[in-house]
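Visitor: Quick one: structure below, then a few questions.
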Amino acid sequence: MLEGGPDRPSFPGICTNTTDLRIIVLRFTLPVQAKADIAAPPAWVSGLQRNDPKTVRTLYKEHFAAVKHYVLKNSGTTSDAEDVFQEALTVLWLKVREGAIQDASEPGAFLFRVAKYKWLDVVRSAAHKHMRVLHDDRQPDVRADVPDDTEEKLARLRDVYARLDDKCREVLDQFYFERKDLGAIAAGMGVEEESIRTIKYRCMMKLRASRKTIAGDEYTDEA
Amino acid sequence: MSALDKPTFERIEAYVLGRLSADERLAFEQRLATDAALRSEVDLERENIMAIELGGLQRVLKQVRAEQVTEQGSGGSWISYLKYAAVVAVLFGAAWWYITRPNINERAFANHYAADPGLPVAMSAAHDHAFHDAMVAYKLGDNDEAITKWSALLKEKPSNDTLRYFIGCAELNADRADRAAPLLLSVADQQGSAFAAKARWFGFLALVRSGDLVTARAVPFAVDHPYATKAKMVLAELE
């Protein structure tokens with residue numbers, strides 16, 4: 001309700017009608033800084049969106065200890081804990097990149113939950129049947145954080161990456177992951193910018209050709 | 001499977017990476033709405049880029065994990081044992097290096113050899129597609145692929161100095177100095193070849209690398225040859 005009343009301030013000499021009052025009230029109630037705070041994602045989200053290694057390092061340092069504690073209590077080793085934590089961080093990254101997580105302010109709970117379920121999967125596998133799980137309190141429906149297609153997608157993406165040779169990885173990683181421009185990559189590798197552009201195109205075409213050959217039914221050329 | 005031309009690839013790439021202006025993006029999305037083949041290409045390219053980024057993430061995670069291990073290892077009672085192990089490792093490494101170190105000509109070669117980076121590969125060079133295709137392989141370090149492709153062209157043009165020069169360079173990069181030397185030195189002696197000077201230098205280094213020092217010393221370098229000073233330095237090291 002925007003109209004003036006006994007409990008709201010009036011602005012004699014400034015407002016002459018309801019429309020003017022609405023404009024002034026909005027200016028007073030939504031300061032610029034407050035709007036920016038609402039719009040901006042948390043630093044760790046924007047960090048993952050731009051593949052910032054510092055963000056990865058910070059998430060690792062802040063949240064690995066809890067996962068390690070859990071895994072060690074459940075028959076695992078530090079190396080096991082690192083494996084499941086890295087997998088959880090990878091799932092978090094994918095979720096952020098897909099836009100599935102935008103405004104969550106605390107990634108620790110997500111990382112712990114995913115890592116925990118991944119470790120429980122390991123524990124329940126045939127190789128670990130002899131282990132005793134001390135803290136298995138998961139609910140049947142809580143795995144919604146990691147839907148089945150996430151793991152399938154990660155497996156598919158890893159398979160795609162495995163098809164690249166080292167030289168292509170060197171160029172494509174710098175361009176797509178590190179977000180360097182072609183000139184910087186060319187200077188670092190001691191070749192011309194146009195050569196890097198061509199190499200990038202050819203590497204991506206090799207990848208496209210291999211995927212279309214293997215999964216011809218999935219991607220069909222209609223052109 | 002039809003090829004995807006470079007402008008279309010780069011347009012899709014710009015769309016996926018969010019580098020189109022608002023107007024360009026709107027126009028592209030209008031085209032997407034009616035072009036199923038384009039949608040398929042966008043999906044494929046988006047996923048390929050995502051795969052490359054995932055590969056980069058795995059690399060960073062591996063680094064962070066290694067850093068964690070180092071940090072954890074900086075404290076603890078076993079650190080004193082680590083010092084002894086490090087000393088033993090250094091001694092063992094030094095002995096191993098001494099036994100297996102390269103001989104004098106290999107060291108001279110390694111000190112002075114910097115591979116030819118190759119020629120610029122422009123996409124517009126459609127008339128020399130086979131040559132440039134091999135050049136891309138050369139720049140990517142696929143020396144054998146480059147040699148195979150250039151050798152096929154050399155059969156059609158056996159006197160072509162560019163082909164002989166780069167096949168020689170690729171052989172040298174592939175550590176087959178004995179094959180590289182005659183190819184390069186034949187270009188060095190070819191009148192008017194733009195590659196003559198570099199070919200003489202690389203041919204000389206190929207001889208050094210393969211241990212044929214007698215022939216290497218006999219390679220003539222004119223006083224004003226751009227690599228005369230370097231060749232003298234190599235010969236001095238061999239003495």
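The values are calculated or read from the model by the stated rules, or taken from the named source; none is laboratory data. The structure displayed is predicted, hence computed values, not measured ones. Quick reminder, even Gly has a Cβ in these numbers, built from the backbone with ideal geometry, and neighbours come from all protein chains shown.
Visitor: What is the one condition in (1) under 14 Å from the mean Cα position of the chain (by Cα); (2) within 21 Å of B:Tyr227 (Cβ to Cβ) that B:Leu140 does not satisfy?
Guide: For B:Leu140, the failing item is (2).
Visitor: Out of all the residues in the range A:190-209, is one or more at pLDDT 90 or above, part of a helix (DSSP H, G or I) and within 24 Å of the chain's Cα centre (by Cα)?
Guide: The answer is yes, given that some residue of the range A:190-209 is at pLDDT 90 or above, part of a helix (DSSP H, G or I) and within 24 Å of the chain's Cα centre (by Cα).
Visitor: State whether the residues of the range B:71-80 include one that is at pLDDT below 95, among the hydrophobic types (A, V, I, L, M, F, W, C) and either farther than 20 Å from A:Ile199 by Cα or in contact with a Phe, Trp or Tyr (Cβ under 7 Å, 6 or more places away or on another chain) (or both).
Guide: yes
Visitor: May I ask you to list pairs of residues, at least six apart or on different chains, whose Cβ atoms are under 6 Å apart, with the first in the range A:41-60 being over 16 Å from B:Lys62 (Cα atoms) and the second being loosely packed, with under 15 Cβ neighbours inside 10 Å?
Guide: Cβ pairs passing all conditions: A:Pro41/A:Gln102; A:Pro42/A:Ser105.
Visitor: A further question on this structure: What single numbered condition from (1) surrounded by fewer than 20 Cβ atoms within 10 Å (Cβ to Cβ); (2) modelled with pLDDT of 95 or more fails to hold for A:Phe85?
Guide: Only one criterion is unmet by A:Phe85, namely (1).
Visitor: Would you call B:Leu20 more than 10 Å from every other protein chain (Cβ to nearest Cβ), surrounded by 15 or more Cβ atoms within 10 Å (Cβ to Cβ) and over 31 Å from the mean Cα position of the chain (by Cα)?
Guide: Judged against the criteria, B:Leu20 is a match.
Visitor: Hey, A:Val32 hits all of (1) away from every other protein chain (no Cβ under 14 Å); (2) modelled with pLDDT of 95 or more but one; which does it fall short on?
Guide: Failed condition: (2).
Visitor: Which members of the range A:84-118 meet the condition of being assigned to a helix (DSSP H, G or I), within 13 Å of chain B (Cβ to nearest Cβ) and free of Cβ contacts under 8 Å to residues at least 24 places away in the same chain?
Guide: Of everything in the range A:84-118, just one residue is assigned to a helix (DSSP H, G or I), within 13 Å of chain B (Cβ to nearest Cβ) and free of Cβ contacts under 8 Å to residues at least 24 places away in the same chain, namely A:Gln86.
Visitor: Sort out which residues of the range A:161-204 are surrounded by 15 or more Cβ atoms within 10 Å (Cβ to Cβ), free of Cβ contacts under 8 Å to residues at least 24 places away in the same chain and at the interface with chain B (Cβ under 7 Å from one of its Cβ atoms), and write them in order of number.
Guide: Once the filter is applied, which keeps residues that are surrounded by 15 or more Cβ atoms within 10 Å (Cβ to Cβ), free of Cβ contacts under 8 Å to residues at least 24 places away in the same chain and at the interface with chain B (Cβ under 7 Å from one of its Cβ atoms), the range A:161-204 yields A:Tyr161, A:Arg169, A:Asp173, A:Tyr176, A:Val191, A:Glu192, A:Glu194, A:Ser195, A:Thr198, A:Tyr201, A:Arg202.
Visitor: Any chance you could count how many residues in the range A:68-83 are part of a helix (DSSP H, G or I) and either over 19 Å from B:Val60 (Cβ atoms) or more than 12 Å from chain B (Cβ to nearest Cβ) (or both)?
Guide: So the answer is 8.
Visitor: Confirm whether B:Asp142 is closer than 24 Å to B:Ala222 by Cα and either assigned by TED's automatic domain parsing to the domain that holds B:Val121 or surrounded by 20 or more Cβ atoms within 10 Å (Cβ to Cβ) (or both).
Guide: Here the answer is no, as B:Asp142 does not meet what is asked.
Visitor: Output the number of residues of the range A:40-54 satisfying the condition of being crowded, with 17+ Cβ neighbours inside 10 Å and either on the phi > 0 side of the Ramachandran plot or small (Gly, Ala, Ser) (or both).
Guide: Final tally of qualifying residues: 2.
Visitor: Right, next: So, in the range B:214-239, how many residues would count as being within 19 Å of B:Glu171 (Cα to Cα) and modelled with pLDDT under 90?
Guide: 0
Visitor: Would you kindly identify the helices (runs of 4 or more DSSP H) lying entirely within the range B:115-214 that contain at least 2 residues that are closer than 21 Å to A:Met189 by Cβ?
Guide: B:129-139, B:143-156, B:161-173, B:196-210
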